[in-house]
Amino acid sequence: MLKNKVIIPLTALMILSICSITSCNNNTSSSSSSSSNTSSVVELNYLALTRRIEYVKNNYLTEEKKSLYTAESIKILENAVKEGESLVNNAKTQQEIDDAVIKINNAIDNLISNINPDKTLDEIGEFLDNCNGNYTLKVNDYYKNNNETPISYTIKSTDKAIYDVEKNEGFIKFDGYVHNFNYVDNNFSLGRVHLGESQSPALYLTENRLSDVVSQLGVSEPFTSFGLSVYSGFKQVPGQKYYITDSTTYFDLTLDLINNRYQSYDGFNGLLQSMTLELTNDNVLFMRLYGNDLTDLKFELEFSSFNTTSIDGVDEYLANNTEYNTSFSPMDLAKDMVEKSKTSCGLKFNVFSHKEGKSTQNPNYTITYKNTAQNEYWLSSSNNGIIKSGSSYKNFKYENDTATINDDAAYGIKDIDIINKLLVNYNEFTLLDKTDDYYFNVGENPEIQQMLYRFFELSNYQNVADRNYFNDEPSKIKTSDIQKVSLTKNDEGKLVISLFSELSSGKDGLIIRAVLEDYQNVTIDGLEDLTSANKKQLQDFYTSIKDADQEKYTEKSYRAFKVTLDKAQEILNDQTSDINTYIQMLSVLKNSYSELELKTSSFDEDGESKIKTFLNENSSYSTSYKMEVTSNNKTLTYIAKYNKYFYCLETKTGYVMIDNFVHSFHVKNDKIVIDNLYSNEYGAHANQIARVQKYFGNFESLAGIEDWEELSGSYMTRLSNSNKYFTTNVDYLNFVPNINTDNLCGFSLELLENNNFELELYNSTSLNMKIDNANSYELASLNKGSVNTTVKITNLKNATDDLLEAFINSNDAVFTKDEILNKLKDFPQTYVIKNDDGDIALVSDRYYLDLETNQFYAVIEGKVNKYQFNPNFIADGTDPYKLLEAGIKVNGVEATSIAQITGTLNGLKSLTENDITLPIDEDTNLNTKRYYYELNSEKTGDIVKILDIDSDSLGSLCVSYNSKGEIVIVNYESDYYIESYYTLSTEYDEMTDIMLNNIISMLNNEF
């Protein structure tokens, strides 16, 4: 975001200090005068005046200091000092003395500096326009070494090429495209066609786009007279030769001049605070970027040799060469891969988005693929994989060198065989003239499109791809977006596969670029021959328990054990059994063995009745409890208090009731911080926490019947060798956060000491074993897999959290009136209006942009016009805007302000403490709201208009702000119904704001 920061030069700070001293002295004088009025003799205080005279003589009226200012302004100061001197010990009143001090101070404030920039901003802009991108740039980089000795590097720029001397990295216009080049030992070496990584999406740059690789003065818009006036906001500094700005946009754009060494968003992520600009009479241009203050120099850019710079080797090469012929043909590699895949195939790709895929760049993710007689698997570095198991294919997760097999995969390894479905056609790839890439059009081949989409896991693209130059999140990729595939060889001789979409301009936009790292020795130890490894585990456990003594155990428990033992033997003998079957069978067999119950043991056979009584007694509206949820060796602890709060101790987040509605919150520095009003997927706001986060239910809920239905029979079965009771209604588990019940077959519940209880949630299996005369719960228990999650409930009816208790029992406002009013007063001029459905409008003091239609209003030459804005005008090759309606009228009269049409929120800035109130209950004299302040209805007209609130649904408008610092406006239709909820956010697309301001400035002839 653009930041509004005030830069106070040292001279200004000095003046402020002087004024502070004066103020103190004036106060002293007033005090003395007041005191003297009580006596018969008036005692005058000359201290402030004599100190001021002495200060001015030492700091402004020496011969050296006088030369810094115009003679006329110095004369005024000298006269003020003389008048002050004549008053010392001669004044008749204290007021005369005080006025003399003020006159001296005013003369200081009005001193006119003799030191001015060598060039005006207009002259600098004209100079840039005529430099034609030809100059030598020397950079002193203090940031890299933490403000110690700077790293220096030189970049040469001409209309034909750009060369980074230290990197030995160059870019040149040649035969229709921008190419890379280097220059070593007086030898010019032309490289491949350059991929524009900062473009969105990345694409090969034609020769008219050299400045898109590295920005150039006089060529790139921000560094022309136009860009200087629009993007920079430079101002003259009295007594200095430079101009200064706090525009984070210009900080970011300036770093684009130094060949992609840094990618800056929002002023180098907030590090940079100011920038100076100076053009000397010798035509040397300086740009300096600063951190905290003007002593904290981060980057110094010195531009010289304008229109006289040349780059070694460039002119000679261009004079002797006119056509480009690639030396990066990939056909030998593609042929070798196809041949070797006939016996064994293993591939490992490093995949890049928005990047060329150099060895110095980090890949966004990695894809490994193996298709041999022994092993078939595919694995992404996202830990998602597919593996052949028996005659079928399974999805799996691969973490900590361990594969967790899941459900059946939607497709197999051969369905994503990139060699035999694509690369086998290498002879049909066609070289794009003047480039290094051989292309193959797949736009009409949905089979290959789908294969590539799956092979490179493009369904996960948004989560792994880079943000673009403007820090926008990656777009979602569809199968049909893949229109072309290209093959090339990189500088290291590795095969590169690129996928392209077709842009509206007709150009090819890069989706991903995959570099083949290996195609011969690809293995992942934990996945090699995984079926045999899991079969061996089952076999070993089976052998260790198969001779369990039947005579020692109860008939019921041994009968279940024998069924699972026989099933395990059957699976071990079946040569078509897959990995998942072995894994599931091992879990079931372990369960069955652990549930063998000794005949001498004693357990509670009346447990179900006791569980029923327990749940029905403890699942009331007054419930509170502590809940520990353990899954994947990680435990999260929750404190639940019915319709008060629900809180996770580890994440320090949760839900709390405030002002009659559920809000999300987090804890920071031992303080409750409200995040947002809860809204469900339909935009409804909950007035009970149970509608957001359930509490454990009664026995009828566990049984899966309505409270009014009659319970009959048994709804649970006791697990042998324990007091755990098992049931299958997994819907009952909705009180456990973040639990996916799709793969659960049921859960057990066990009553513990001290009024506690514990649940174990079991994974489903596909074994489907049977046992004679068993009910549905016993059959489900027989086939249950491993424990997925354990839930332990303790501290029933007395679980609390001290911090939350203090918060909900307080009657204090969450924010004071002053905090709310200051927040409103300081809120920026530019913001986004949001509601539960998303972004509504981008608003500033110059425009109103409807973010759904991209239509905007602006005042142009005194009247309000309506325009259609096209944010993609560059890619589309169209105009950025189109006039829809000129001179819009309101009640038959042409509007002169946008607010007349859209309404405005500017009134929020001028609210007073009388305009916001916390309503009070007349009976209790307590606040009925603590977070939302009600607005004076007389001040809400423009607010209702801009938020488009229907008059029929208008209730009480309230205001507050959330943890992001966003202003929150709520329409309470009643105390227990919120009709609409809005936030005003400063997180907006800065480039949209810049483009709209540019358009408006041009239409108003401000340039």
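Residue 249 meets all of the listed conditions (1) over 30 Å from residue 510 (Cβ atoms); (2) in contact with a Ser or Thr (Cβ under 9 Å, 6 or more places away or on another chain); (3) crowded, with 17+ Cβ neighbours inside 10 Å; (4) in contact (Cβ under 8 Å) with a residue 40 or more places away in the chain but one, namely (1). Exactly one residue out of 965, 955 is more than 16 Å from residue 677 (Cα to Cα) and in the same structural domain as residue 900 (by the TED database): that is 955.
For segment 787-807, the set of residues classified as touching a residue at least 12 places away in the same chain (Cβ under 8 Å) and open to solvent by 40 Å² or more (accessible area, probe 1.4 Å) consists of 787, 788, 792, 795, 797, 798, 800, 803, listed by residue number. Would you point out the residue of segment 136-175, among those that are of a type in the set (A, V, I, L, M, F, W, C) and in contact with an Asp or Glu (Cβ under 6 Å, 6 or more places away or on another chain), that is surrounded by the fewest Cβ atoms within 10 Å (Cβ to Cβ)? For segment 136-175, the residue satisfying everything is 151. The numbered conditions (1) in the same structural domain as residue 294 (by the TED database); (2) open to solvent by 20 Å² or more (accessible area, probe 1.4 Å); (3) closer than 20 Å to residue 287 by Cβ are all true for residue 133 except (2). Taking the criterion of being surrounded by 13 or more Cβ atoms within 10 Å (Cβ to Cβ) and in contact with a Phe, Trp or Tyr (Cβ under 7 Å, 6 or more places away or on another chain), the residues of segment 426-448 that qualify are 429, 431, 432, 434, 435, 436, 438, 439, 440. Out of all the residues in segment 204-216, is one or more farther than 29 Å from residue 508 by Cβ and at pLDDT below 90? Scanning segment 204-216 turns up no residue that is farther than 29 Å from residue 508 by Cβ and at pLDDT below 90. Filtering segment 395-434 to residues that are touching a Lys or Arg at 6+ places or on another chain (Cβ under 9 Å) and assigned to a strand (DSSP E or B) leaves 403, 404, 405, 406, 407, 408. Selection of segment 311-352 for residues being open to solvent by less than 50 Å² (accessible area, probe 1.4 Å), assigned to a loop (DSSP other than H, G, I, E, B) and closer than 30 Å to residue 158 by Cα yields 311, 313, 324, 326, 328.
Within segment 58-98, work out how many residues are open to solvent by 70 Å² or more (accessible area, probe 1.4 Å), under 30 Å from residue 117 (Cβ atoms) and touching a helix residue (DSSP H, G or I) at 6+ places or on another chain (Cβ under 7 Å). Matching residues across segment 58-98 total 1. Among all residues of segment 948-957, there is none that is at pLDDT below 95, open to solvent by 50 Å² or more (accessible area, probe 1.4 Å) and either in a strand (DSSP E or B) or within 17 Å of residue 820 (Cα to Cα) (or both). Across segment 188-238, the number of residues qualifying as assigned to a helix (DSSP H, G or I) and touching a Pro at 6+ places or on another chain (Cβ under 9 Å) comes to 4. The one condition from (1) under 25 Å from residue 299 (Cβ atoms); (2) more than 35 Å from the chain's Cα centre (by Cα); (3) crowded, with 18+ Cβ neighbours inside 10 Å that residue 181 does not meet is (1).
Yes/no matrix, rows are residues, columns are (1) of a type in the set (Val, Ile, Thr); (2) surrounded by fewer than 22 Cβ atoms within 10 Å (Cβ to Cβ); (3) within 20 Å of residue 363 (Cβ to Cβ); (4) touching a residue at least 60 places away in the same chain (Cβ under 8 Å):
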position	(1), (2), (3), (4)
383	no, yes, yes, no
391	no, yes, no, yes
395	no, yes, no, no
400	no, yes, no, no
414	no, yes, no, no
419	yes, yes, no, yes
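Looking across segment 264-310, the residues that are open to solvent by 50 Å² or more (accessible area, probe 1.4 Å) and of a type in the set (Asp, Glu) come down to 282, 293, 302. Scanning segment 925-947 for residues that are aliphatic (A, V, I, L, M) and assigned to a loop (DSSP other than H, G, I, E, B), we see that the one that is modelled with the lowest pLDDT is 926. Of the helices (runs of 4 or more DSSP H) contained entirely in segment 518-604, those carrying at least 1 residues that are modelled with pLDDT of 95 or more, open to solvent by 80 Å² or more (accessible area, probe 1.4 Å) and polar (S, T, N, Q) fall at 530-545, 555-573. Checking each residue in segment 238-271 for being at pLDDT 85 or above and closer than 29 Å to residue 109 by Cα picks out 240, 241, 242, 243, 244, 245, 246, 247.
Among the residues of segment 880-892, those that are among the hydrophobic types (A, V, I, L, M, F, W, C) and open to solvent by 70 Å² or more (accessible area, probe 1.4 Å) comprise 883, 884. Taking first residues from segment 339-351 that are within 15 Å of residue 424 (Cβ to Cβ) and partners that are part of a strand (DSSP E or B) and open to solvent by 20 Å² or more (accessible area, probe 1.4 Å), the Cβ contacts under 6 Å between residues at least 6 apart in sequence or on separate chains come to 345/371.
Would you point out which residue out of 501, 505, 475 is among the hydroxyl-bearing types (Ser, Thr, Tyr), over 30 Å from residue 174 (Cα atoms) and open to solvent by 20 Å² or more (accessible area, probe 1.4 Å)? The match here is 475.
One residue stands out in segment 751-775 among those that are open to solvent by 30 Å² or more (accessible area, probe 1.4 Å) and touching a Cys at 6+ places or on another chain (Cβ under 8 Å): the one that is farthest from residue 408 (Cα to Cα), namely 763. Could you grab me the full set of residues in segment 893-924 that are of a type outside the set (Ser, Thr, Tyr) and open to solvent by 60 Å² or more (accessible area, probe 1.4 Å)? Scanning segment 893-924 gives 893, 894, 900, 906, 909, 913, 914, 920, 922, 923.
The values are calculated or read from the model by the stated rules, or taken from the named source; none is laboratory data. Here the structure is a predicted model, which is why all the values come from computation and not from measurement. No Cβ is skipped: glycine too gets one built from the backbone with ideal geometry, and neighbour counts run over all protein chains shown. For accessibility, only protein heavy atoms count, side chains too; no ligands or nucleic acids. Shrake-Rupley method; radii C 1.70, N 1.55, O 1.52, S 1.80 Å.
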